[in-house]
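One structure is given below, encoded as structure tokens.
Readers should treat all values here as calculations from the given coordinates under stated rules, not as data from a laboratory. Note that the structure is a prediction, hence the values are computed from the model and not measured. Cβ: placed from backbone, ideal geometry, glycine included. Neighbour counts: every protein chain shown.
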Amino acid sequence: MNYIKLRKNNLCVENISALNLAKKYKTPFYCYSLSQLKNNYYTLSNAFKNIKPIICFSIKSNSNLSLLKELRKIGSGADVVSVGELLKATKAGINPKKIVFSGIGKTEEEIKMAIKKKVLLINIESESELNLINKISKKISRKISIGIRLNPNVTGKTHQKISTGGKDEKFGLVYNDFIDLCKKVRKMKNLSLNGVSVHIGSQITSVDPFKKVLSMINKIINKTKINFKFIDLGGGMGISYTKKEKQINLKKYAKLVSKFLKNKDSKIIFEPGRFIIGNTGILITKIIYIKKSNNRNFIILDAGMNDLMRPALYNAHHEIVPLKKTRKFLRGNLKFVGPICESSDKFSNLKIFSKIREGEYIGLLNVGAYGMSLSSNYNTRPTIAEIMVSGSKHKIIRQRQSLENLVNN
Ligand code: LLP
């Protein structure tokens, strides 16, 4: 189900025309569809309904508090990687028993906070981290629930910069080290080894890599004979950014996981970010100028790479659409760029687009995940507002940063 689409040539977010929003709120801004968010969460939980996984939304993909509260209301947990994300998850009311703490560089302060909040699992990624947790647990005489992150040496067939499961990556423990660490943990009386976790990368659209991961986990279980309470398969489920690209086949993935779980009494955890939030968001931006240069039309937007980093960072493609489609066209070498002083500040090159003029608006699609959360103040630009639409209602869920706040820091 798609809640952001063209209706009678007007781009609509649920029942509201994006053009009306653009006239009401100062551009650029992110705009999310609440129904789309819920729809995505339920699509995922329904696909895996036979195994009833714990779904821990990966907060790094989008940490807006109102959106987190909405996810909490429909049952979501959280995957967090910093004390900031942990505090946001608990502020959103997410039950700590549904929070997993991941990350290779947790500081002592962060570990202590995770212990204080009694999260479900602290997924450790090195022997040094294990020793630190053990030291803390002894000091406070408390038993702490941990998981160990496996590096399965499986690459996710995705962009190199978002692939995390290869043996040369910094993440998790490779097979032999994993087995050695399990032996070590068993001697540590204050730690309960409750989980194995893995995350091989993001935007993975084929289930084959996940199949390899599951067989690696089976190998670990056979070797260690540990009956892990939780098997955390991470996130990574890919979505469709272009017409050609297909989202991951959840039915196939669910079948694999169900088969894997036979004769086990472990609980599955997922840490999806992009699948839940990716297509819920659009970035609405105004055309400041159209500049002709050297046979090119530079369409200069008021949103820049500081607002949406993915194209500059990963050459990521986000479809650009006019808020009002017309029958007239602009043709030629069309380059949609931002105002930032870097040549990588560009969003798309097109040959044809609906006729647009300076002062009009366009939308960039599928920016809900890693859009706002990767944004920055580069070029001393304020972080932009976020709007949530539900049916025919809309409201601000994060104010645009004030210039005063920006300038005084
Ligand atoms: N769990 C762990 C341990 C992760 O590192 C990540 C993402 C996730 C879960 C969620 O992955 P997802 O379901 O969203 O694929 N900035 C990049 C993506 C970086 C992903 C980092 N880790 C982008 O814009 O594509």
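Ordering Ile146, Leu330, Ser45 by the projection of their Cα atoms onto the charge dipole of the chain, which places +1 on the Cβ of Lys and Arg and -1 on the Cβ of Asp and Glu, puts Ser45 at the extreme positive end. Across the range 115-188, Cα pairs under 8 Å and at least six residues apart give a relative contact order of 30 percent.
Estimated at 0.36 nm per residue, the fully extended path between Glu109 and Lys161 surpasses their Cα-Cα distance by 15.9 nm.
With the cut-off at 26 Å, tell me which of the pairs Lys143/Lys264; Lys5/Lys286; Lys26/Lys355; Lys161/Lys243; Lys139/Lys183; Lys38/Lys286 have Cα atoms farther apart than that. Cα-Cα > 26 Å for Lys38/Lys286; rest within.
So if I place +1 on the C-beta of Lys and Arg and -1 on the C-beta of Asp and Glu, and nothing else carries charge, what would the dipole magnitude of the chain be about its Cα centre? I want it in debye, nearest 20.
On the way: 74 positive and 28 negative charges, 259 e Å.
That gives the chain a dipole magnitude of about 1240 debye.
Any idea how far apart Lys355 and Lys52 come out in nm if each label point goes 7 Å out from Cα toward Cβ? Rounded to a tenth, the inter-label distance reads 6.0 nm. Separation of the range 237-259 and the range 268-347, taken as the distance between their Cα centroids, equals 26 angstrom.
In the neighborhood of Asn64, defined by Cβ-to-Cβ distances under 10 Å, what is the net charge if each Lys or Arg adds +1 and each Asp or Glu adds -1? Write out the running numbers ahead of the final one.
Details: positive: Lys69, Lys88, Arg398; negative: Glu70, Glu386.
Computed value for this residue: +1.
Listed by chain and number, the aspartates and glutamates placed with their C-alpha closer than 16 angstrom to that of Lys117 are Asp79, Glu85, Glu108, Glu109; residues fewer than eight positions away on the same chain are left out.
Which order do peptides 240-251, 147-158, 184-195, 367-378 fall in by mean Cβ count within 10 Å, highest first?
Values: 240-251: 13.2, 147-158: 23.2, 184-195: 16.5, 367-378: 21.3.
Result, highest mean first: 147-158, 367-378, 184-195, 240-251.
Mean Kyte-Doolittle of at least 0.0 and a Cα length of 15 Å or more along the axis: which whole DSSP H helices of the chain meet both? Don't skip to the answer; put the middle values down first.
On the way: long enough: 34-47 (20 Å, -0.69); 127-140 (20 Å, -0.44); 175-186 (17 Å, -0.53); 208-224 (24 Å, -0.18); 250-261 (16 Å, 0.21).
Within the chain the helices that satisfy the rule are 250-261.
Neighbouring Cβ atoms within 10 Å as the yardstick, rank Cys341, Cys56, Cys12 fewest first. Could the numbers behind the result be given before it?
On the way: Cys341 9, Cys56 27, Cys12 20.
Fewest to most other Cβ atoms nearby, the residues stand as Cys341, Cys12, Cys56.
Over 25 Å apart at the Cα level, from the set Lys60/Lys335; Lys69/Lys135; Lys118/Lys184, are Lys60/Lys335; Lys69/Lys135.
Taking a ≥ b ≥ c as the square roots of the eigenvalues of the Cα gyration tensor, the range 34-276 is classed as oblate, since a/c reaches at least 1.5 and a/b does not exceed b/c.
Pairs Lys97/Lys259; Lys73/Lys189; Lys292/Lys395; Lys211/Lys346: which are spaced more than 29 Å apart, C-alpha to C-alpha? Checking Cα-Cα distances, Lys73/Lys189; Lys292/Lys395; Lys211/Lys346 exceed 29 Å.
Shape index of the range 208-334: Rg/Rh, with Rg the Cα radius of gyration and Rh the Kirkwood radius from the inverse mean 1/r over Cα pairs, equals 1.18.
Tell me, what is the FRET efficiency for Tyr289 and Lys395 to the nearest 0.05, using R0 = 51 angstrom and their Cβ-Cβ distance as r?
Numbers: r = 31 Å, r/R0 = 0.61.
For Tyr289 and Lys395, the calculated efficiency is 0.95.
Once you put a point 7 Å from the Cα of Lys91 and another 7 Å from the Cα of Lys170, both along the Cβ direction, what distance in nm separates them? Between Lys91 and Lys170, the simple spin-label model gives 2.6 nm.
Would the range 345-404 count as rounded, prolate or oblate if I go by the C-alpha gyration tensor, calling it rounded below 1.5 in a/c and otherwise prolate when a/b exceeds b/c, oblate otherwise? Taking the square roots of the gyration eigenvalues as a ≥ b ≥ c, the range 345-404 is oblate.
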